[in-house]
1. Under 8 Å for C-alpha pairs, at least 6 residues apart: give me the relative contact order for the stretch 128-268, rounded to a whole percent.
2. Relative to the Cα centre, what is the charge dipole magnitude of the chain, using +1 at the beta carbon of each Lys and Arg, -1 at the beta carbon of each Asp and Glu, and rounding to the nearest 20 debye?
3. Could you put Phe292, Phe275, Phe75 in order, starting from the residue whose Cβ has the fewest other Cβ atoms within 10 Å?
4. Once phi is turned into ³J(HN,Hα) by the Karplus curve 6.51 cos²θ - 1.76 cosθ + 1.60 with θ = phi - 60°, what whole-Hz value does each residue of the stretch 246-253 show in order, with x for glycine and proline?
5. Counting only the backbone N, which residues of the stretch 116-159 are under 16 Å from the spot 7 Å out from the Cα of Glu181 toward its beta-carbon?
6. Listing Val111, Val238, Val303, Val224 from the residue with the fewest other Cβ atoms within 10 Å to the one with the most, what is the order?
7. Across the stretch 233-241, in residue order, what do the Karplus-derived ³J(HN,Hα) couplings come to in whole Hz, using 6.51 cos²θ - 1.76 cosθ + 1.60 with θ = phi - 60° and x for Gly and Pro?
8. Per-residue counts of other Cβ atoms within 10 Å, averaged by peptide: what ranking do you get for 160-173, 306-319, 127-140, 208-221, highest first?
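Read-outs: derived from the displayed coordinates by stated rules, not from any lab. The structure presented is a predicted model; accordingly, all values stated were derived computationally and were not measured. Don't worry about glycine lacking a Cβ; one is built from the backbone with ideal geometry, like all the others, and counts go over all protein chains shown.
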Amino acid sequence: MTNDSPQIPNRNLALELVRVTEAAAMAGARWMGRGDKNGADGAAVDAMRNVLHAVPMDGIVIIGEGEKDEAPMLFNGELIGDGSSPQTDVAVDPIDGTTLTALGRGNALAVIAVSERGTMFDPGPCVYMEKIAVGPSAYGAISLEKTPGENLASVAEAKGKKVNDLVAVILDRDRHDELIEEVREAGARIRLIPDGDVAGAISTAWPEAGADILMGIGGTPEGVITAAALKCMGGQMVCRLWPRNERERNLSVEAGYDLDRILDQDDLVEGNDCFFAATGVTDGDLLKGVQFDSTGCRTSSLVMRSRTGTVRMISTHHRLDKLHKLSTVDY
């Protein structure tokens with residue numbers, strides 16, 4: 001396949017995609033602390049969709065966040081972009097952390113991932129998966145076949161640390177009670193997060209965030225998006241589909257999914273050239289949230305490309321007087 005193929009981008013699409021996450025973050029941030037997560041998500045979805053239609057690509061949504069709680073969403077199978085090459089698969093989450101936004105809590109992000117057409121994993125009926133994620137310094141040290149204590153010991157050895165120096169990021173859910181107890185018994189420290197495991201997983205590959213490993217069960221849409229980010233950053237994620245009940249299990253088996261198969265970031269996003277962009281909605285460990293002032297607002301974003309391994313931090317000031325005179329897609 002040559003670089004002239006409609007399936008291979010010849011430019012850094014992430015620099016276009018950041019406009020999408022910026023628009024979603026600015027729209028969603030207006031709802032911060034207002035107690036209405038669907039209102040926040042709906043505003044972010046509308047803003048994201050409007051800008052996406054101007055992005056130079058022929059995209060199809062493979063992962064549209066919102067299915068598991070019937071929230072507003074960019075739906076699976078939706079065609080986006082301006083119809084020009086390259087042909088792409090797209091995973092979106094207009095706000096990863098709608099509850100965080102509604103309650104005015106930190107670490108909510110607007111995120112998008114894009115890869116070549118036919119390379120993004122479709123999880124089918126399973127909306128949750130077991131996950132372990134680490135940054136590049138612990139690549140190869142994790143396995144779903146190991147106990148939590150064994151994984152922590154391996155990560156500590158890989159990073160030249162003691163286990164009690166490690167920070168494990170875990171979603172604060174009842175289903176993780178046993179996992180939390182095992183991590184505590186191993187001696188590691190824990191950062192319990194109420195939501196937002198995309199930010200939690202990425203933080204393991206971002207030294208300034210102070211996290212070493214993410215463990216537990218979280219959403220499959222977030223898992224696919226996270227895989228794209230970790231491919232760009234040189235990190236690793238291992239995961240396995242986790243049906244919530246017998247109905248979901250049966251549907252998955254009937255659809256041909258192997259529920260025992262262990263997947264990694266290259267299974268979830270197979271492409272050799274994937275892109276990721278995220279913009280902070282609320283202040284977090286990775287990014288500042290949207291900051292409004294009398295003239296407009298400032299956004300903070302991460303922009304990544306796997307082929308080049310580039311990770312850019314972008315701080316942007318948006319003048320409201322200019323935004324009001326432009327259409328959303330011109331923005």
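1. Details: 263 pairs, mean separation 47.5, N = 141.
The value is 34 percent.
2. 1100
3. Numbers: Phe292 15, Phe275 29, Phe75 11.
Ranked by crowding around the Cβ, least crowded first: Phe75, Phe292, Phe275.
4. Along the stretch 246-253, the couplings run 5, 4, 5, 4, 5, 4, 5, 5 Hz.
5. The answer is 148-149.
6. Values: Val111 34, Val238 20, Val303 23, Val224 26.
The fewest-first ordering by Cβ neighbours comes to Val238, Val303, Val224, Val111.
7. Residue by residue, the stretch 233-241 yields 8, x, x, 9, 9, 10, 8, 8, 4 Hz.
8. Numbers: 160-173: 17.2, 306-319: 13.9, 127-140: 21.2, 208-221: 23.1.
In decreasing order of mean packing, 160-173, 306-319, 127-140, 208-221 become 208-221, 127-140, 160-173, 306-319.
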